[in-house]
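Chemist: The structure follows.
The values are calculated or read from the model by the stated rules, or taken from the named source; none is laboratory data. Since we're looking at a predicted model, the values are computed, not measured. Glycine gets a Cβ as well: all are built from the backbone with ideal geometry, and neighbour counts include every protein chain shown.
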Amino acid sequence: MSTRFSAIRAHNEFTTSKGSIMLPPPDLTQRAADLLATLDSNPTSSNTYNTAFIASLSTAAGTPRFPQALDWLRSHQHADGSWGAMLPVPVDRLVSTLAAVVSLAECRRPWAENAVRSGVDHLWEHSEDWRASPHQTSAFELAVPYLLDQGRRAGLNLPAERFTDIEQLRTAKLGRLPAVLPSDAPSPLLYSAELLSPQLLARQAERFQAEDGSIGCSPAATAALCRHGDNAAAEGFLRRLAARSPDGGFPELAPIEIFILGWALYPIVRAGLRPAGMDKHLATLRAILATDGLVTMSAGFPLPDADDTAMAMTILHRAGTDVTPYLPHLLTFERDQYFTCYEFERDGSVAVNARIVEAFSPERQRYAPQIEKATGFIADHRVDGAYWYDKWHTSPYYATAHVAFGLASTAPELLNTTARWLRETQHPDGSWGAAQGQPEETAYAVLALDALVQAGLTTDTSPVKRAYAYLCRHVDDNDTQYAEMWNGRGLFTAPHLTRSAIIAALQLATAYL
């Protein structure tokens, strides 16, 4: 806990007949304003996957172009030989460790040989762990075969035969794409362009490389442009990222300004906060939506998605903007059984479909068939009749909160046992989540419970009261204290989004103290 917050806490405890509780940290509205004023500063954390691709870049003389990326890999290997997020999610550890050992296989530094050896040992010992996991990283079915092949070329002894079935997933993924699409039109493959052939990568770069030099908002894909030929714009982009990096590593996504804006604003708006600077951000969303009714995660990414589009509509609706003229654009993402986030996805997203339901709420009757379709998909993915997982985030509390936001008033029967699940999974210190509790997961649990209370689905607010003091202790945590739970090619954290959820949860919790 920071010294500043220790002082705040000492001056804000008081005693009631119910015992010692805490007042809100001073001025949550100001905290929200401060957050919104810094959205462009290091929006996501460094991760192994992207850092490894950049660490492998070398000059014509064989020296590393980004030595700080190598140093980052050296300092972020876990004691068991693996790489990846601080929480041991098997698919993340698998892909991250593969990326790291392949990158370091060509490193001439003395420490790299031992690092690779222990990483390879970890892969052999844990090659089957991912099969029991409820999560898959993005492009998992493309990344694993690619990295195994690169490791074979580098002479690494990897357990490739244990992953032959992933080739079938790879075939299914690529089979959804028309043969001409990867080079002639934008597709989700832009985000994972480093996994394509050099020929396809070059054609994509020719058509879709952004003005800032990046491709697919992906440092790894941008690094591939440098690896397969001279690309001054791509290298310039990576060097600007390196200059801004707080730890020498590289992020999962950059730039990602529209996504960060939407997900930071939503909890704040939901909690009824109106911080300084919010109107400017709302105007930004209105201007983006007014262009063609569709929203992308970044101005430099040419492919709109249902998630960012529905989120923008929901935020603006809650803030008082009439979004009904834009709702028909969401039908772009409608499919036979559910709504996709992007075209040609292999599977759907629970949170995206819940967000679609919430976005359609201003015109429920007009869009009743679409709401029913999305709700049916969500119902089919309910776990133990009480909670959900989502493909873009590893926490069930994130997915369950967004389902509660979308369905509490439209399909409350799907949430009848969710409040009980939340009560039963709360830790004794008031937190929820992995490794005996995470601030981000606790915030989502509080937001979910508030949605259930507002819909009349529970009257028991005692879990929120127990969570309050825990969140007060973590509202001013350092960015590096948040666990990586967002799902890309590797896991990452988005500190602004975690902090926004905590601020909103504390604001809502004050009503139950």
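Chemist: Could you check, for the stretch 372-380, whether at least one of its residues is in the same structural domain as THR498 (by TED's automatic domain parsing), farther than 26 Å from SER133 by Cα and modelled with pLDDT of 95 or more?
Modeler: Checked against the condition, which is being in the same structural domain as THR498 (by TED's automatic domain parsing), farther than 26 Å from SER133 by Cα and modelled with pLDDT of 95 or more, the stretch 372-380 yields at least one hit.
Chemist: Return the residues of the stretch 394-411 that are in contact (Cβ under 8 Å) with a residue 24 or more places away in the chain, in contact with a Phe, Trp or Tyr (Cβ under 6 Å, 6 or more places away or on another chain) and either closer than 18 Å to ALA434 by Cβ or not assigned by TED's automatic domain parsing to the domain that holds HIS427 (or both); say none if nothing qualifies.
Modeler: TYR397, TYR398, ALA399, THR400, ALA401
Chemist: Return a yes/no flag: does the stretch 264-273 have any residue that is among the aromatic types (Phe, Trp, Tyr) and over 25 Å from GLU441 (Cβ atoms).
Modeler: no
Chemist: Suppose we keep only residues that are buried (at least 22 other Cβ atoms within 10 Å of the Cβ) and part of a helix (DSSP H, G or I) within the stretch 181-191. Which one would you say is modelled with the lowest pLDDT?
Modeler: Restricting to residues being buried (at least 22 other Cβ atoms within 10 Å of the Cβ) and part of a helix (DSSP H, G or I), the top hit is LEU189.
Chemist: Can we say THR480 is outside any helix (DSSP H, G or I) and hydroxyl-bearing (Ser, Thr, Tyr)?
Modeler: Taking the combined requirement at face value, the residue does not satisfy it.
Chemist: Hey, does the stretch 493-503 have a residue that's within 30 Å of PHE250 (Cα to Cα) and in a loop (DSSP other than H, G, I, E, B)?
Modeler: Checking the stretch 493-503: at least one residue is within 30 Å of PHE250 (Cα to Cα) and in a loop (DSSP other than H, G, I, E, B).
Chemist: Here's another thing I want to ask about it. Out of the stretch 399-443, which residues are hydroxyl-bearing (Ser, Thr, Tyr) and touching a Pro at 6+ places or on another chain (Cβ under 9 Å)?
Modeler: THR425, SER431
Chemist: Ok, one more. Check off (1) touching a residue at least 40 places away in the same chain (Cβ under 8 Å); (2) surrounded by fewer than 23 Cβ atoms within 10 Å (Cβ to Cβ); (3) not in a helix (DSSP H, G or I) for PRO428 and give me the number that stays unchecked.
Modeler: Going through (1) touching a residue at least 40 places away in the same chain (Cβ under 8 Å); (2) surrounded by fewer than 23 Cβ atoms within 10 Å (Cβ to Cβ); (3) not in a helix (DSSP H, G or I) one by one, PRO428 breaks only (1).
Chemist: Considering every residue within the stretch 137-148, establish whether at least one is farther than 24 Å from TRP72 by Cβ and of a type in the set (Ser, Thr, Tyr).
Modeler: No: zero hits.
Chemist: Just one of the numbered conditions (1) among the aliphatic types (A, V, I, L, M); (2) in contact with a helix residue (DSSP H, G or I) (Cβ under 6 Å, 6 or more places away or on another chain); (3) over 26 Å from ALA172 (Cα atoms) is not true of ALA290; which one?
Modeler: (2)
Chemist: Would you say GLU161 is buried (at least 18 other Cβ atoms within 10 Å of the Cβ), of a type outside the set (Gly, Ala, Ser) and not assigned by TED's automatic domain parsing to the domain that holds GLY490?
Modeler: no
Chemist: Kindly indicate which of GLU235, GLU206, GLU194 is farther than 19 Å from GLU343 by Cα and either surrounded by fewer than 17 Cβ atoms within 10 Å (Cβ to Cβ) or modelled with pLDDT under 85 (or both).
Modeler: Testing whether each residue is farther than 19 Å from GLU343 by Cα and either surrounded by fewer than 17 Cβ atoms within 10 Å (Cβ to Cβ) or modelled with pLDDT under 85 (or both) leaves just GLU206.
Chemist: Return a yes/no flag: does the stretch 397-411 have any residue that is modelled with pLDDT of 95 or more, over 24 Å from ASP307 (Cα atoms) and surrounded by fewer than 24 Cβ atoms within 10 Å (Cβ to Cβ).
Modeler: No, every residue in the stretch 397-411 fails to be modelled with pLDDT of 95 or more, over 24 Å from ASP307 (Cα atoms) and surrounded by fewer than 24 Cβ atoms within 10 Å (Cβ to Cβ).
Chemist: On to the next question. Answer yes or no: is there a residue in the stretch 110-117 that is surrounded by fewer than 19 Cβ atoms within 10 Å (Cβ to Cβ) and within 26 Å of ALA399 (Cβ to Cβ).
Modeler: no
Chemist: Conditions first: (1) on the phi > 0 side of the Ramachandran plot; (2) touching a residue at least 60 places away in the same chain (Cβ under 8 Å); (3) surrounded by fewer than 22 Cβ atoms within 10 Å (Cβ to Cβ). CYS217 passes all but one, so which condition is the exception?
Modeler: (3)
Chemist: From ALA505, ALA501, ALA451, ALA467, which residue is crowded, with 19+ Cβ neighbours inside 10 Å and under 16 Å from the mean Cα position of the chain (by Cα)?
Modeler: Among ALA505, ALA501, ALA451, ALA467, only ALA501 is crowded, with 19+ Cβ neighbours inside 10 Å and under 16 Å from the mean Cα position of the chain (by Cα).
A quick yes/no check of all residues on (1) among the hydroxyl-bearing types (Ser, Thr, Tyr); (2) under 20 Å from THR375 (Cβ atoms); (3) in contact with a Ser or Thr (Cβ under 9 Å, 6 or more places away or on another chain):
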position	(1), (2), (3)
GLY406	no, yes, yes
LEU414	no, yes, yes
GLN438	no, no, yes
LYS465	no, no, no
GLY488	no, no, yes
HIS496	no, no, yes
ARG499	no, no, no
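Chemist: Could you list, ordered by first residue, the pairs with Cβ atoms under 9 Å in which the first is in the stretch 148-173 and farther than 21 Å from ASP129 by Cα and part of a loop (DSSP other than H, G, I, E, B) and the second is modelled with pLDDT of 95 or more and among the aliphatic types (A, V, I, L, M), at least 6 apart or interchain?
Modeler: Once the first residue is farther than 21 Å from ASP129 by Cα and part of a loop (DSSP other than H, G, I, E, B) and sits in the stretch 148-173, its partners that are modelled with pLDDT of 95 or more and among the aliphatic types (A, V, I, L, M) give ALA154/VAL101; ALA154/VAL102; ALA154/ALA105; GLY155/ALA105.
Chemist: Going by the conditions given, is GLN337 outside any helix (DSSP H, G or I) and without any contact (Cβ under 8 Å) to a residue 24 or more places away in the chain?
Modeler: Against the criterion (outside any helix (DSSP H, G or I) and without any contact (Cβ under 8 Å) to a residue 24 or more places away in the chain), GLN337 does not qualify.
Chemist: Further question: Looking only at residues in the stretch 341-390 that are of a type in the set (S, T, N, Q) and part of a helix (DSSP H, G or I), which one is nearest to THR314 (Cα to Cα)?
Modeler: SER361
Chemist: Please go through the stretch 283-304 and pick out each residue that is without any contact (Cβ under 8 Å) to a residue 40 or more places away in the chain, in contact with a Leu (Cβ under 8 Å, 6 or more places away or on another chain) and not in a helix (DSSP H, G or I).
Modeler: Selection gives VAL295, THR296, PRO304.
Chemist: Can I ask one more? Just checking, which of TRP124, TRP130, TRP111 is assigned to a helix (DSSP H, G or I), modelled with pLDDT under 95 and farther than 14 Å from SER56 by Cβ?
Modeler: So the residue among TRP124, TRP130, TRP111 that is assigned to a helix (DSSP H, G or I), modelled with pLDDT under 95 and farther than 14 Å from SER56 by Cβ is TRP130.
Chemist: Additional query: Only residues that are assigned to a loop (DSSP other than H, G, I, E, B) and either assigned by TED's automatic domain parsing to the domain that holds THR284 or in contact with a Phe, Trp or Tyr (Cβ under 7 Å, 6 or more places away or on another chain) (or both): list them for the stretch 44-58, please.
Modeler: THR44, SER45, ASN47, LEU57
Chemist: I'd like to know if the stretch 214-222 contains one or more residues that are assigned to a loop (DSSP other than H, G, I, E, B), among the small types (Gly, Ala, Ser), within 19 Å of the chain's Cα centre (by Cα) and in the same structural domain as ALA99 (by TED's automatic domain parsing).
Modeler: Yes, some residue in the stretch 214-222 is assigned to a loop (DSSP other than H, G, I, E, B), among the small types (Gly, Ala, Ser), within 19 Å of the chain's Cα centre (by Cα) and in the same structural domain as ALA99 (by TED's automatic domain parsing).
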